[in-house]
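A.B. asks: Pasting a structure here, questions to come.
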Amino acid sequence: AFSLDAIEDRNYYIRFPTDWDTVEKSMERLDKTDDNVIVSIATAIQAMNILHLPDFVKWKVNRKFKKIYN
């Protein structure tokens, strides 16, 4: 599971010192792994991100990952 609580600057704040470009590149690599590798996103819902979960979901849907589930 890929532990991710928010996107961009909000994720940087929650999980300092996350580099968002690195996160996205890692997710792109994971999305291209073999079929025997299962990739999912684990999100800890908390006060720092609960109001921004719709943005998180929109980001995930718009990325059109082929195999990253949540």
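The values are calculated or read from the model by the stated rules, or taken from the named source; none is laboratory data. Computed from a predicted model, the values in this text were never measured in an experiment. Glycine gets a Cβ as well: all are built from the backbone with ideal geometry, and neighbour counts include every protein chain shown. Accessible surface areas use protein heavy atoms only, side chains included; no ligands, DNA or RNA. Shrake-Rupley method; radii C 1.70, N 1.55, O 1.52, S 1.80 Å.
A.B. asks: Carbon-plus-sulfur fraction of the accessible area of the chain, 1.4 Å probe, in percent?
C.D. replies: The C+S portion of the solvent-accessible surface of the chain is 54 percent.
A.B. asks: Moving on to the next point. Give the angle, between 0 and 90 degrees and rounded to the nearest 10, that separates the Cα long axis of helix 53-63 from the longest principal axis of the Cα atoms of the chain.
C.D. replies: Computed tilt is about 30 degrees.
A.B. asks: Roughly how tilted is helix 20-31, in degrees to the nearest 10 and between 0 and 90, from the longest Cα axis of the chain?
C.D. replies: Once rounded, the angle reads 30 degrees.
A.B. asks: I've got another one for you. List the aspartates and glutamates whose Cα sits under 14 Å from the Cα of Lys67, skipping any in the same chain fewer than 8 residues away.
C.D. replies: Straight-distance partners of Lys67: Glu28, Asp31, Asp34, Asp35.
A.B. asks: Which residue, chosen from Ala44, Trp20, Thr33, occupies the Cα position most advanced towards the positive end of the dipole of the chain, where the dipole is computed from +1 (Lys, Arg) and -1 (Asp, Glu) charges on Cβ about the Cα centre?
C.D. replies: Result: Thr33.
A.B. asks: Now for a different question. Ordering Met48, Met27 from largest to smallest accessible area (1.4 angstrom probe), what's the sequence?
C.D. replies: Putting Met48, Met27 in descending order of accessible area: Met48, Met27.
A.B. asks: On to the next question. Rank Val37, Val23, Val57 by mean-square fluctuation in a GNM of the chain with C-alpha springs under 10 angstrom and give only the top-ranked residue.
C.D. replies: Residue with maximal mean-square fluctuation among Val37, Val23, Val57: Val37.
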